[in-house]
Structures are given as C-alpha cells and as structure tokens.
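To keep things clear, I will list the structure first and then write my remarks on it.
The values are calculated or read from the model by the stated rules, or taken from the named source; none is laboratory data. If you're wondering where the values come from, they're calculated on a predicted model, not measured in any experiment. Cβ atoms come from the backbone with ideal geometry, glycine included; neighbour counts cover every protein chain shown.
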Amino acid sequence: AEIPAGEEIKTLRTAMGLYDRAVELGLDRRSPIFALGGGVVGDITGFIAATYMRGIPFIQLPTTLLAQV
C-alpha cells in the first residue's frame, strides 16, 4: 500500500487502513512488511509490523538520511 508523506499521516486512521490492507492481502505471522521510504513511512510501517498479529517481520529500506538513523 502507498501512503502519502508528512507527519500528519501518523494516525490511528492510517493504521486501521493498513491493517485492513494486510488482512485483504492475507498476511500472516511470517509475512514481512517492507518500508520503502523516509522516516514517516518507517515509523507507521514499524508500528503496524509491531502490532499486527502481535508482531510480524519488518524490513526497513530507508530512502533519506534521517530515516537511516
């Protein structure tokens, strides 16, 4: 799923949409989530990975210097 950039996107509404998409795709406890983007993308994706089904694999592919730290 694609999410727009910006701190204002880090909301529970966005998280719910991503949970719904994970269910639609049939993700299970072994399915990794990839975060390709900057800090906001990594933050929201990391939250989803940590809380979906009590935690699933998370792979971050940062595209900005700040996201790498």
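Taking the range 1-35 on its own, how many of its residues are in contact with a Ser or Thr (Cβ under 9 Å, 6 or more places away or on another chain) and at pLDDT 95 or above?
8
Out of everything in the range 35-60 that is surrounded by 13 or more Cβ atoms within 10 Å (Cβ to Cβ), at negative phi and in a strand (DSSP E or B), what residue ends up being nearest to the chain's Cα centre (by Cα)? Please lay out each step first, then the result.
As a first pass, look at the range 35-60 and keep what is surrounded by 13 or more Cβ atoms within 10 Å (Cβ to Cβ): 35-49, 52-53, 56, 58, 60.
With at negative phi added as a condition, the list becomes 35-36, 38-49, 52, 56, 58, 60.
Those still in the list that are in a strand (DSSP E or B) too: 35-36, 58, 60.
Values: ALA35: 6, LEU36: 9, PHE58: 8, GLN60: 9 Å.
Residue satisfying both the conditions and the ranking: ALA35.
Hey, can you tell me all the residues within the range 1-15 that are hydrophobic (A, V, I, L, M, F, W, C) and free of Cβ contacts under 8 Å to residues at least 12 places away in the same chain?
The one that is hydrophobic (A, V, I, L, M, F, W, C) and free of Cβ contacts under 8 Å to residues at least 12 places away in the same chain: LEU12.
Would a scan of the range 11-21 turn up a residue that is surrounded by 12 or more Cβ atoms within 10 Å (Cβ to Cβ), β-branched (Val, Ile, Thr) and over 12 Å from the mean Cα position of the chain (by Cα)?
Taking the range 11-21 as the starting set, the residues that turn out to be surrounded by 12 or more Cβ atoms within 10 Å (Cβ to Cβ) are 14-15, 17-19, 21.
Okay, now just the ones that are also β-branched (Val, Ile, Thr), so 14.
Within this subset, residues satisfying the condition of being over 12 Å from the mean Cα position of the chain (by Cα) are none.
No, every residue in the range 11-21 fails to be surrounded by 12 or more Cβ atoms within 10 Å (Cβ to Cβ), β-branched (Val, Ile, Thr) and over 12 Å from the mean Cα position of the chain (by Cα).
Quick one: is ARG21 among the basic types (Lys, Arg) and either in contact (Cβ under 8 Å) with a residue 40 or more places away in the chain or in a loop (DSSP other than H, G, I, E, B) (or both)? Even if it seems obvious, please write down each step before you answer.
On the way: among the basic types (Lys, Arg): yes; either in contact (Cβ under 8 Å) with a residue 40 or more places away in the chain or in a loop (DSSP other than H, G, I, E, B) (or both): no.
In short, no.
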